[in-house]
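Since the structure comes first, as structure tokens, the remarks are kept for the end.
What follows is calculated from the coordinates using simple rules that are stated; it is not laboratory data. Bear in mind the structure is a predicted one, so any value in this text is a computation, not a measurement. Virtual Cβ from ideal backbone geometry, glycine too; neighbours counted across all protein chains shown.
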Amino acid sequence: FLRRIKALGFATKLDTNGCCPTLLRSLVTEGLVDFVAMDIKNSLEKYPKTAGTDRVNTQDIEESIDFLLLGRVPYEFRTTVTAELHTTQDIVSIARRIEGADKYFLQNFKDSGDLVGQGNSPVSEENLAEMCTFAKKYVKYCEKR
């Protein structure tokens, strides 16, 4: 599919959770992806709880992060922040793990009404701004979305 899209002259963006680093590397190396946006669910210690499964391979997540940090394709990292799952220390832990990253966005949780689970809520705008301030110590650019 990506080959057909690229053959038509369109740019492509890949949104990923980082669970398939071999595929990510292959798509970028083949020139099939022009931009990558990777979700980082939480600090590595809290990944299983945040992802809702113990079957998360954080080594794959780390491998995808490391590959993107090489800068072979424009990219951004992002985290959707909830009051129940994220602390400022978690965001600092993520920012330290992606230290030197070009872009890191913090997205405040928003209930779309179509969620699988319940019980999540956004953090205050002040808390989100504070998280961003701390993350900026480690990444080139961090903003709220």
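Expressed as a rounded percentage, what relative contact order does the chain have, with Cα pairs under 8 Å and six or more residues apart? Don't jump to the answer; show the numbers that get you there.
Values: 231 pairs, mean separation 31.0, N = 145.
Worked out over the chain, it gives 21 percent.
Using only the Cα atoms of the chain, construct the convex hull and provide its projected area averaged over every direction, in square nanometres to one decimal.
Taking a quarter of the hull surface, the average projection is 9.1 nm².
Report, in deg cm²/dmol and to the nearest 500, the calculated mean residue ellipticity at 222 nm for the chain, where each DSSP H run with n ≥ 4 adds -39500 (n - 2.57) and the sum is divided by the residue count.
-10000 deg cm²/dmol
So which residue, out of R78, R55, R97, gets the largest mean-square fluctuation from a GNM of the chain using Cα contacts under 10 Å as springs?
Between R78, R55, R97, it is R55 that shows the largest mean-square fluctuation.
How far is helix 88-97 tilted, in degrees, relative to the longest principal axis of the Cα atoms in the chain, given as a value from 0 to 90 rounded to the nearest 10?
30 degrees
Can you give the charge dipole size of the chain about its Cα centre, rounded to the nearest 20 debye, using +1 on the beta carbon of Lys and Arg and -1 on the beta carbon of Asp and Glu? Walk me through the numbers on the way to the answer.
Details: 20 positive and 21 negative charges, 92 e Å.
Around 440 debye, computed over the chain.
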